[in-house]
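Here the structure is laid out as structure tokens; the discussion comes afterwards.
The values are calculated or read from the model by the stated rules, or taken from the named source; none is laboratory data. These numbers were taken from a predicted model, which means no experiment stands behind them. Neighbour counts run over all protein chains shown; Cβ positions are idealised from the backbone, glycine included. Surface areas here come from the heavy atoms of the whole protein model, side chains and all, with no ligands, DNA or RNA. Shrake-Rupley method; radii C 1.70, N 1.55, O 1.52, S 1.80 Å.
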Amino acid sequence: MISEMIRETQEQKLKHLLAYVSAHSPYYQKIFRKHGVDVDSIVTVADLAKLPFTTKDNLAAANDDFLCVPKSRIADYVTTSGTLSDPVAFYLTDSDIERLADNESESFRRADGSEHDIYQLMTTIDKRFMAGLAYWMGARKLGAGMIRVGPGAPFLQWESIQRFSPTVIIAIPSFIPRLIDYAVANGIDYASSSIKSVICIGEPIRNPDFTYNELGKRITSQWNVKLYSTYASTEMGAAFTECSEGKGGHLNEDLLILEVVDEEDRVVNEGELGEVVITTLGVEGMPLLRYRTGDLCHVYYGPCLCGRKSPRLGPVVGRKQQMIKFKGTTIFPPAIFDVLDMVQEIELYQVVVSKNEFGNDEITILLPMQLQTTFFREKLHSLFKSRLRVTPLFQFITAEELTFRIYKQEKRKPEKLIYI
């Protein structure tokens, strides 16, 4: 559990946060009046239960009402990725940007980073993307070097690695097999490169028991690098990052208050699954109280073998909004990805979720046309049946069209999953 000293610090920051939003947030002023909230009665972290939750729908419907400062004080404008709905705007002051830097420099340290490292950023730093900015600021704060290559472009990635000798890659993990394949095809000795570790963003690389999932196995079986998993979102402006033990992402207690709740909104016990709820500390522009992320994770309150006593989150099992009921079976997209990542021949895929004429969920997997053989179909059918007990539809299209569908220029991340 969190130490007494940390809890006292969090509660002091919570008291300041409540006073701040009471004075400056049009949204929370309205909510406090509506629900008769007496902020002076909220003294401990446990007292947060007296407050209603904040949801994604609340953010979307009253976006600018969450803003606590005049827009003349906004230093940076970002938006959420908009995976399941329209992107929501987040406004950052100078102080908020400095908070991002504090979080990411600490996250780098947690992942065994230091000022002696050189990081290669394989995600976008533009397109209103908070994470790219956070990584750059964090490396700067840490005193480390940063090579801003951006997403895709395997040639440029390897040219940068060979020219500048970075030690750490920051990337969406499903891109790493493509990077390896490019190296093999072009005679690059990737095993002898300067890369020692990968900070993985946006996708899980572990199962709930912390063993590597199929994507994690695929990477580590081919390349002797250390993988560090992360979990973050624009809304929290902070990250849960693994240490070298690989037993969950650590909470940064200075920046977030964490609750993990069950279907009845009760805090779950050690090792149990629940929805991640966060309260942001130290945010000036758009602070949030009891924000429901929709992400389902196992939580661990006991001390880590690394010596840290902060709570840890396991990999995201799924999002509540992304739960699929298919042929009577409840499935979350990561389980589908895991099956597809088992198959060495599959380099590209997209999962399409739709409704049939009866309003039931349908799942179609888009795959490259060159894989369309009876043998391959039967292999996939058997694999899905054994792992998930149900088999989706398979549709084969050209590799060019599939690449275009997944790597859209206007999107910041590959679209491995779409809802139509």
Worksheet item: How long, wide and thick is the chain, going by the Cα atoms along their three principal axes, in whole angstroms, largest first?
Response: 67, 57, 43
Worksheet item: For the stretch 323-420, how big is Rg over Rh, using alpha carbon atoms and the Kirkwood form of Rh?
Response: 0.95
Worksheet item: How high is the relative contact order of the stretch 2-141, in percent, with contacts defined as C-alpha pairs under 8 Å that are six or more residues apart?
Response: 18 percent
Worksheet item: Say we join alpha carbon atoms closer than 10 Å with springs in a Gaussian network model of the chain; which of Leu48, Leu255, Leu281 then has the biggest fluctuation?
Response: Leu48
Item to complete: Compute the normalised compactness of the stretch 1-99: alpha-carbon radius of gyration over 2.2 N^0.38 Å, N being the residue count.
Response: 1.20
Response to the item:
Semi-axes (Å, rounded, descending) of the ellipsoid equivalent to the stretch 228-269 per its C-alpha gyration tensor are 20, 14, 9
Item to complete: With the cut-off at 19 Å, report for the stretch 82-133 the share of all Cα pairs above it, as a whole percent.
Response: 41 percent
Worksheet, complete the sentence: Restricting to Cα pairs under 8 Å and 6 or more apart, the percent relative contact order of the chain works out to 13 percent
Worksheet item: So how much accessible area does His116 have, in Å² to the nearest 10, using a 1.4 Å probe?
Response: 150 Å²
Fill in: Shape box of the stretch 332-373 [Cα atoms, principal axes, largest first, Å]
35, 22, 13
Worksheet item: With each pseudo-label sitting 7 Å past Cα toward Cβ, what's the Thr9-Asp76 distance in nm, one decimal?
Response: 2.3 nm
Worksheet item: Once the other residues with Cβ under 15 Å from the Cβ of Gly294 are scored (Lys, Arg +1; Asp, Glu -1), what is the net sum?
Response: -3
Worksheet, complete the sentence: Restricting to Cα pairs under 8 Å and 6 or more apart, the percent relative contact order of the stretch 145-195 works out to 43 percent
Practice prompt. Pop the C-beta distance of Leu156 and Met369 into the FRET formula with R0 = 41 Å and round what comes out to the nearest 0.05.
Written response: 0.90
Discussion item. Just to verify a number: FRET efficiency for Val43 and Ser244, C-beta to C-beta distance, R0 = 45 Å, to 0.05?
Written reply: 0.75
Discussion item. Step by step: find N for the stretch 380-420, compute 2.2 N^0.38 Å, then divide the Cα radius of gyration by it. What's the final number?
Written reply: 1.48
Worksheet item: Nearest 0.05, what FRET efficiency do Lys196 and Arg266 give at R0 = 60 Å with Cβ-Cβ as r?
Response: 0.90
Worksheet item: Quick one: Kirkwood hydrodynamic radius for the stretch 131-171, alpha-carbon pairs, angstrom, one decimal?
Response: 10.9 Å
Practice prompt. Multiply the residue separation of Ser221 and Ile420 by 0.36 nm, subtract the distance between their alpha-carbon atoms, and state the gained length in nm to one decimal.
Written response: 68.1 nm
Discussion item. Please compute, over every Cα-Cα pair in the stretch 303-376, the percentage with a separation greater than 16 angstrom.
Written reply: 63 percent
Worksheet item: Rounded to the nearest 500 deg cm²/dmol, what is the calculated helix-only ellipticity per residue at 222 nm for the chain, with -39500 (n - 2.57) per DSSP H run of length n ≥ 4?
Response: -9500 deg cm²/dmol
Item to complete: Place a label point 7 angstrom from the Cα of Ala335 along the Cα-to-Cβ direction, then list the residues of the stretch 235-269 whose backbone nitrogen is under 18 Å away.
Response: 263
Response to the item:
Of the listed links Lys127/Lys416; Lys56/Lys196; Lys226/Lys325, those spanning more than 27 angstrom between alpha carbons are Lys56/Lys196; Lys226/Lys325
